1. Among the numbered criteria (1) out of contact with any Gly (no Cβ under 6 Å at 6 or more places or on another chain); (2) assigned to a loop (DSSP other than H, G, I, E, B), which single criterion is violated by Val349?
2. Quickly run through the range 83-107 and pick out the residues that are within 18 Å of Val194 (Cβ to Cβ), open to solvent by less than 20 Å² (accessible area, probe 1.4 Å) and either assigned to a helix (DSSP H, G or I) or in contact (Cβ under 8 Å) with a residue 40 or more places away in the chain (or both).
3. Take the range 249-272 and flag every residue that is under 20 Å from Ala295 (Cβ atoms) and hydroxyl-bearing (Ser, Thr, Tyr).
4. Which one of these is under 29 Å from Thr223 (Cβ atoms) and surrounded by fewer than 16 Cβ atoms within 10 Å (Cβ to Cβ): Pro116, Pro131, Pro136, Pro155?
5. Could you please find all residues in the range 192-216 being touching a helix residue (DSSP H, G or I) at 6+ places or on another chain (Cβ under 7 Å) and closer than 11 Å to Ala121 by Cβ?
6. Hey, can you tell me all the residues within the range 1-28 that are among the polar types (S, T, N, Q) and open to solvent by 20 Å² or more (accessible area, probe 1.4 Å)?
7. How many residues are crowded, with 16+ Cβ neighbours inside 10 Å and touching a helix residue (DSSP H, G or I) at 6+ places or on another chain (Cβ under 7 Å) if we restrict to the range 331-358?
8. List, please: which pairs have Cβ atoms under 6 Å, are six or more places apart or on different chains, and start with a residue in the range 160-189 that is over 19 Å from Leu62 (Cα atoms) and end with one that is outside any loop (DSSP other than H, G, I, E, B) and not polar (S, T, N, Q)?
Amino acid sequence: MTGALEGIRVLDVSTLFAGPLAATFLGDFGAEVIKIEHPKRPDAARGHGPSKDGVNLWWKTLARNKRTATLDLGTADGAALLVELVRTADVLIENFRPGTLERWGLAPTRLLEANPRLVIARVTAFGQVGPYSGRPGFGSQAEAMSGFAALTGDPDGPPILPPFGLADGIAALATSYAIMVALRAVESNGGQVVDMAIIEPILMLLGGQISAYDQLGYVQPRTGNRSVNNAPRNVYRSADGVWLAVSTSSQSIAERVMTLVGRPDFLTRPWFATGHTRAQHAAELDEAVAGWIGARSADEVVDAFEQAQAAISRINDVRGVIADPQYQALNTVLTVEDQDFGPLRMQNVLFRLSESPGAVRWTGRRHGQDTDEVLAGIGLTPEQCAALRERGVI
C-alpha cells in the first residue's frame, strides 16, 4: 500500500511546534517532507524536553518521516536555492515573523512566480496582519488570549496554562487541514497563501462562548473539573487511591450513573432533565457519585460502570497509556527503529485508513543529514555543495 499523500513534496522551513507538526502529519501519510534548518542554529525543538546521550527524544517524533537539510535563507545564495527547491515542491510551511521572508527576498509573490501551484502555509502566533502581528509569540499566548486559560483551573484559583503545546498542536492540525483544502483547490485556483494564526483554532474549539456573550452577556467561569454543560462530570478517587473520570454528556448516561450509585430519586427532579440544569446542581450530584466511588476499588467501579453502560475511564499517566489494553488494541504506541537508540516507542499516526494507511518510515534525523542529497535533486554537484558549506550557506 502507498500513502495517500505520496507524490506531494513539502518544504518545512518552520521551527518549534505548530508548523513542523503540521508537516509531520502530512509526512505520516506519504508526503515527501524536507526539513530545512539553519546551518548553525538548528530548530529549537531539538532542545525541548528530555534528551538521552545528548540526543533529543521529542525530535524523534516531531521530525519523523522528514529528510533534513540545512540552508541559510538570510543569504542571497540560500534564498536562491530555496526558490529552486520551491520549483519542485507542492507546499512550503514557514513560521517566521511577518515580513521576514519578504526581507530575505522570498515574498510569496516571488515563490508563486517560481511555482504558481505552490501552497504557502504561513503559521504565526497572531497572523499576518493586525496590531500584534509583529510581536513574538508562542502557543502560551494563544492559550491566554483565546480564553482557554481563563476557563481552566479551580473557581478560586488562578488561570492555568497547559503543561504541553496545546495551542500549537491544535494549530498544527488546523494547518494540515488548511493545506489539504488548498491543495484540493490548486487545479481550479492555482497556488495560494494560508494565513494561520495560532490564536484562532483553539478559540474555535472553546464552544459557543462568543454567541452566548453576544446574546446573553454570559461569561463562562472557571469550574475546575466540572462542566457548565452537564453533571455529574468530574474526577473521583476510588477506595484504593485511583483517580477516575466520569462524564454524562448525554441524558441517558446521566440517568444510568445516578441509578448505579443508588440515587435514582434524582431522575424525578425537574432540573435533572437537561445537562445545563444538571450542571447547576453539580455539588449534590458530585457528592453522591464521589461517595459511591470512594467506597469501592477502581476495578470494582470500572466494572460496574461498564455493566451499566456508563462512561468512565482511569486517569492515566504515560505508564498507564502504554499499559492500557485499548491503546494496545489500536496500536497507538508504535515501536520503530531509530539510528541513535535502536527500538524506540512513540505515538503512531493519527488515524487508520483501510486502503492507504499512514506509516512511520523513519524517526527524526540528525541536523543536515540529507543536505547533499536534497541539493543534488536540484542539480548541485558534490563540489558545489562543498563550496556552499565552506561559505556557511549550508
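1. (1)
2. If the condition is that a residue be within 18 Å of Val194 (Cβ to Cβ), open to solvent by less than 20 Å² (accessible area, probe 1.4 Å) and either assigned to a helix (DSSP H, G or I) or in contact (Cβ under 8 Å) with a residue 40 or more places away in the chain (or both), then Val86, Ala89, Val91, Leu92, Ile93, Glu94, Thr100, Leu101 are the ones that fit.
3. The initial filter retains those residues of the range 249-272 that are under 20 Å from Ala295 (Cβ atoms), namely 256-266.
Correct list: Thr259 only.
4. Pro155
5. Selection gives Gln192, Val193, Val194, Met196.
6. Thr2, Thr15
7. Residues in the range 331-358 being crowded, with 16+ Cβ neighbours inside 10 Å and touching a helix residue (DSSP H, G or I) at 6+ places or on another chain (Cβ under 7 Å): 6 in total.
8. Note: pairs meeting the criteria are Leu161/Glu143; Leu161/Ala149; Ala178/Val194; Ala182/Val119; Ala182/Val194; Leu183/Val119.
The values are calculated or read from the model by the stated rules, or taken from the named source; none is laboratory data. Computed from a predicted structure; not experimentally measured. We place every Cβ from the backbone using ideal geometry, glycine too, and count neighbours over all the protein chains shown. Side chains included, ligands, DNA and RNA excluded: accessible areas come from the protein's heavy atoms. Shrake-Rupley method; radii C 1.70, N 1.55, O 1.52, S 1.80 Å.
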